[in-house]
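Here the structure comes first, spelled out in structure tokens, and everything after it is commentary.
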There are 2 protein chains.
Amino acid sequence: MSEVRSKAQLAKQAAFSLGKLSTDEKNQALIIMADALIQRAADIIEANAEDLRLGEEGGTSASLLDRLALNEARIKAIAEGLRQIAELPDPIGDILETIERPNGLSIVKKRVPLGVIGIIYEARPNVTVDAAGLCLKTGNAVVLRGGSSALASNRKIVEVLHEAMERTALPKDALQLIEDPNRSSVDEMLKLRGMLDVIIPRGGSSLIQNVVMNSTVPVIETGAGICHTYLDASAEPSMAAAISINAKVQRPSVCNAMETLLVHADYAKSNMTALAEAFGERKVELRGCERTLQYAPWATEATTEDYATEYNDYILNVKIVDHLDEAIAHISKYGTKHSECIVTESADHANRFLQEVDAAAVYHNASTRFTDGFEFGFGAEIGISTQKLHARGPMGLPALTSSKYVIIGSGQIRE
Amino acid sequence: MSEVRSKAQLAKQAAFSLGKLSTDEKNQALIIMADALIQRAADIIEANAEDLRLGEEGGTSASLLDRLALNEARIKAIAEGLRQIAELPDPIGDILETIERPNGLSIVKKRVPLGVIGIIYEARPNVTVDAAGLCLKTGNAVVLRGGSSALASNRKIVEVLHEAMERTALPKDALQLIEDPNRSSVDEMLKLRGMLDVIIPRGGSSLIQNVVMNSTVPVIETGAGICHTYLDASAEPSMAAAISINAKVQRPSVCNAMETLLVHADYAKSNMTALAEAFGERKVELRGCERTLQYAPWATEATTEDYATEYNDYILNVKIVDHLDEAIAHISKYGTKHSECIVTESADHANRFLQEVDAAAVYHNASTRFTDGFEFGFGAEIGISTQKLHARGPMGLPALTSSKYVIIGSGQIRE
């Protein structure tokens, strides 16, 4: 049997006993696992050095190497993340609904684990610990398939976690790492319908596209974010500037950063030149529509392809529109249903935007950068769902659960 | 552009305005549509006669022809179904969660329509009206692809509904019927990711398997039910007999009917002969394990394939087990996570069964036949989900919705 199939099978078997653990047993295990990461930090850093050396030899970019790199401080932060997960309320067993039927049947809808969760991700070794912690806390077994560039780090991390789990009630088999670095191991995971209950891809858009287009296992699509900020005619200029600059430059590499700024023509008349200069000062390259170029002649002209691109970089499209409907139509055409913002003093326009724009998170007068499980107060985040089924927007622990109807009778039969 | 793609596009455009309709507008439209079905019943019956004639010529079985047939009484019942949907509470706009953040952000999670729902089904023309009503009530556009054997009936029904919709606030394009009877039109629907938000298959297992294995659109899997009833050692004999007979024979053709009876050896000793005879009197063919044959020598021996078959017929597998764990292990191996029942007087065994059996609905001392949206009090049902994502078990109106985070700020930016 292949590595993928045999590990998924072990995970499925472990999921059965995992579902029976108490909250205390799971939390204690997470804390013991966090301690082990700290104690074995030197070993993990050594393994990580091997990944970094191979990456450098292979010509990996500095920013990717930075995402891959572990040091004591980062391992401490990762372990701290596990401890925080231990402190969060356990959603498993929560009662979502109770129904008493006239025939005496008592129906209770309870939260239960999903079962076995597959996570497919790239070169961030912190995801290995984070995803394991979130899945195990919610009583799910997890099959991890991290990027091959982090393989040595992930192997060592999972070895350390496995050793720790042996001192806990958590079955070691509930955490599986696929070590086969070939793309075929991803393809195989995508076809494990019946063994995996869900696959969550975390990473760039080509990884996500491969998963959503080829998986027969149900998928929660995450991540892709072409986010817009629309500055309405009545936008308050200092607020509009602060929000749009924050949405673009506070951390351009992430999915909730703005890629296109839509500006009402009247607002542009008084404010576009100054705003374009402010972006220029922050090293943001502007790509504008024809009318934008009148205010910012140094910008290049935006193509329809630009409007459809998630830059994750210091590049911004700017388009001047004549009314709210044009802004909404642009977002409907190019948005990825992630996070969209209107800055306006008009309650009517705000309400229309919030109602009519179809996205996981719609903002009035606040930066799209807030779309995040921690910023929403969830205390954890497994990703940001951009699909409409199951979970939408930042996903905390409840997104990793399913439900079950428990029906108690006293001999009822159907007439 | 193909029929499938152009109709999906019209539906997507219509979904935008549909989402803005009030509950009253939607309810009034459903009532006008119901009235139109009654007024045009003769035309619908005439179109249906054509389907029936073609079916007879093609050698369609009597039971399929019965599912296909419409008469005044059936059309009246279908119209009544629409009126009942109009009376149900509208989940759209419901507030699911409110979060006030320390930075002053106010976050509200609201129910919104899914968008465009694809329904792929077989020869029951009542599904055409039922699915249309449930989707439109929840603000969703719907693309219907019914079985080719009901094409003339479905065409006429949709023509009547379209004419009625023109007298309402509902955009006519929100209801689309794919008329291409070739299998390729189903295949094309399955690849309309980005145009359809979800596909719900309704029908036999080969239809469902085709959808779940080939769709790039997110799917809600419905239907397949290999349901078990386990009679524990302490089961009360008259209750055990009533529940297991009801689960098998009250309506064998449906997904929540029992296919396999598991019997504790001690219970079998005193009760198996009488129970086997009771099934025999009701024309149920028994396929049993070796030990069952000692009590019911006229039964044939059950194969592993039998245990994995959804008969939907007067056939029952019977297996004698030595303890609860063996029953749970059998269900875990052969069940389809639909509905599973234990009959026992032991609270401890009941709790273990309800906890450890992984299914949409788990019963203690009641017939699995109750897994149904109407029996659960939902007032409607679009199907029974056997998957763990999004919705599980009988799906009422909320299963046809998604959510959206609406965030109101006063200029907040992320530090």
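Using unit Cβ charges (K, R positive; D, E negative) and no other charged atoms, how large, in debye to the nearest 20, is the dipole of the range A:205-351 about its Cα centre?
The calculated dipole for the range A:205-351 is roughly 360 debye.
I'd like the orientation of helix A:3-18 relative to chain A: the angle between its Cα long axis and the longest Cα principal axis, in ° from 0 to 90, rounded to 10.
70 degrees
So the label point sits 7 Å from Cα along the Cα-to-Cβ vector; using that for A:PRO237, what distances do you get to the other copies, in nanometres, sorted shortest first?
Taking the point 7 Å beyond Cα along Cα→Cβ, the inter-copy spacings are 9.2 nm.
Would you work out if the range A:227-370 is rounded, prolate or oblate? Take a ≥ b ≥ c from the square roots of the eigenvalues of the alpha-carbon gyration tensor; rounded if a/c is under 1.5, else prolate when a/b is larger than b/c, oblate otherwise.
It comes out rounded by the Cα gyration axes.
Report, by chain and number, residues whose modeled amide H sits under 5 Å from the one on A:GLU122, excluding near sequence neighbours (fewer than 5 apart, same chain).
Amide H to amide H, under 5 Å and 5 or more residues apart or across chains, A:GLU122 pairs with A:GLY147.
Is the range B:1-55 rounded, prolate or oblate when judged by the Cα gyration tensor, a ≥ b ≥ c being the square roots of its eigenvalues, rounded requiring a/c under 1.5 and prolate requiring a/b larger than b/c?
Oblate is the answer for the range B:1-55, as a/c is 1.5 or above yet b/c matches or exceeds a/b.
No solvent, one uniform scatterer per C-alpha: report log10 I(q)/I(0) for chain B via the Debye equation at q = 0.08, 0.14 1/Å, two decimals.
-0.51, -1.20
Using every alpha carbon pair in the range B:308-415, what percent of pairs falls into each 10 Å bin from 0 up to the bin containing the largest distance?
12, 34, 28, 12, 7, 5, 2
Considering only DSSP beta bridges whose two residues both sit in the range A:227-370, what percent are antiparallel, to the nearest 5?
0 percent
Treating only the Cβ atoms of Lys and Arg (+1) and Asp and Glu (-1) as charged, compute the dipole magnitude of chain A about its Cα centre; round to the nearest 20 debye.
Its charge dipole is roughly 1260 debye.
Rounded to the nearest 5, what % of the DSSP beta bridges within the protein assembly as shown are antiparallel ones?
30 percent
Tell me, what ³J(HN,Hα) does each residue in the range B:44-52 have, in order and in whole Hz, if you take phi through Karplus 6.51 cos²θ - 1.76 cosθ + 1.60 with θ = phi - 60° and put x for Gly and Pro?
Here the 3J(HN,Hα) series is 5, 5, 5, 5, 4, 4, 5, 4, 5 Hz.
To the nearest 500 deg cm²/dmol, what mean residue ellipticity at 222 nm is calculated for chain B from DSSP H runs of n ≥ 4 alone, each contributing -39,500 (n - 2.57), summed and divided by the residues?
-13500 deg cm²/dmol
If you fit an axis through the alpha-carbon atoms of helix A:125-137 and take the longest principal axis of the Cα set of chain A, what angle between them do you get, 0 to 90°, nearest 10?
60 degrees
Please report which chain A residue places its beta carbon nearest the axis carrying chain A onto chain B, with the distance rounded to a whole angstrom.
Nearest residue, distance rounded to whole Å: A:HIS390, 2.
Just add up the charged neighbours of A:VAL318: K/R +1, D/E -1, any other residue whose Cβ is under 12 Å from the Cβ of A:VAL318.
Value of the local net charge: -1.
Figure the gain on full extension for A:ARG74 and A:ARG291 (residue separation times 0.36 nm, minus the Cα-Cα span) and round it to one decimal in nm.
Gain on stretching A:ARG74 to A:ARG291: 73.5 nm.
Hey, got the dipole for the protein assembly as shown? About the Cα centre, +1 on K and R Cβ, -1 on D and E Cβ, debye to the nearest 20?
Roughly 80 debye, rounded to the nearest 20.
Distances from A:GLN250 to the same residue in each other copy, label points 7 Å out along Cα→Cβ, in nm, shortest first?
A:GLN250 label point versus its equivalents elsewhere: 5.6 nm.
Which of A:ALA15, A:GLY411, A:ILE199 sits farthest toward the positive end of the charge dipole of chain A, with +1 on the Cβ of Lys and Arg and -1 on the Cβ of Asp and Glu?
A:GLY411
Relative contact order for the range B:28-121 using alpha-carbon pairs under 8 Å, separation at least 6, rounded to a whole percent?
Result for the range B:28-121 is 28 percent.
Using only alpha-carbon positions, what ratio does the radius of gyration of the range B:61-177 give when scaled by 2.2 N^0.38 Å?
The value comes to 1.35.
Along the range B:25-37, what does the Karplus equation 6.51 cos²θ - 1.76 cosθ + 1.60 (θ = phi - 60°) give for ³J(HN,Hα), rounded to whole Hz, x for Gly and Pro?
4, 5, 5, 4, 4, 4, 5, 5, 5, 4, 4, 5, 4
Can you list the trypsin sites (Lys or Arg not before Pro) in the range A:332-368 that are in a DSSP coil and have 10 or fewer other beta carbons within 10 angstrom?
Passing both the DSSP loop test and the Cβ count: no residue.
Per the Kirkwood formula on distinct C-alpha pairs, the Rh of the protein assembly as shown is how many angstrom?
About 28.7 Å for the protein assembly as shown.
Give me the number: length gained by fully extending A:GLN39 to A:GLU25, i.e. 0.36 nm times residue separation minus the C-alpha to C-alpha distance, one decimal in nm.
In short, 2.9 nm is gained.
Cα centroid distance between the range A:258-288 and the range A:93-145, in Å?
44 Å
Return the subset of A:LYS76/A:LYS248; B:LYS337/B:LYS388; A:LYS109/B:LYS109; A:LYS109/B:LYS388; A:LYS388/B:LYS109; A:LYS76/A:LYS137 for which the Cα-Cα distance in this structure is over 18 Å, preserving the input order.
Cα-Cα > 18 Å for A:LYS76/A:LYS248; A:LYS109/B:LYS109; A:LYS76/A:LYS137; rest within.
Could you list A:GLU290, B:GLU50 so that the one with the fewest beta carbons within 10 Å of its beta carbon is first and the one with the most is last?
A:GLU290, B:GLU50
If we count other beta carbons within 10 Å of each Cβ, what is the order of A:MET189, A:MET258, A:MET213, fewest first?
Result, fewest neighbours first: A:MET213, A:MET189, A:MET258.
For the residues A:THR229, A:THR273, what sequence is obtained by ranking on other C-beta atoms within 10 Å, fewest first?
Placing the least packed residue first, the sequence is A:THR273, A:THR229.
Could you list which residues have their amide H under 5 Å from that of B:THR222, counting only those 5 or more apart in sequence or on another chain, with H placed in the peptide plane?
B:THR386
Under a straight-distance cross-link criterion of Cα-Cα below 15 Å, which aspartates and glutamates are reachable from A:LYS26, leaving out those fewer than 8 residues away in the same chain?
A:ASP35, A:GLU87, A:ASP90, A:ASP130, A:GLU166, A:ASP173
Considering Cα pairs under 8 angstrom that are at least six residues apart, work out the relative contact order of chain B and quote it in whole percent.
This gives 18 percent for chain B.
Helix B:151-165 sits at what angle to the longest principal axis of chain B, using alpha carbons and giving 0 to 90 degrees rounded to 10?
50 degrees
Given label points at 7 Å from Cα along Cα→Cβ, what nm distances, shortest first, separate B:GLN209 from the same residue in every other copy?
List, nearest first: 3.2 nm.
Relative contact order (percent) for the range A:280-415, with alpha-carbon contacts under 8 angstrom and 6 or more residues of separation?
Computed over the range A:280-415, the figure is 15 percent.
Values quoted throughout were computed directly from the atomic coordinates according to the rules given, and no laboratory measurement underlies them. Just so we're clear, the structure is a prediction, and the values are computed from it rather than from any experiment. Here Cβ is always computed from backbone atoms with ideal geometry, including for glycine, and neighbour counts include all displayed protein chains.
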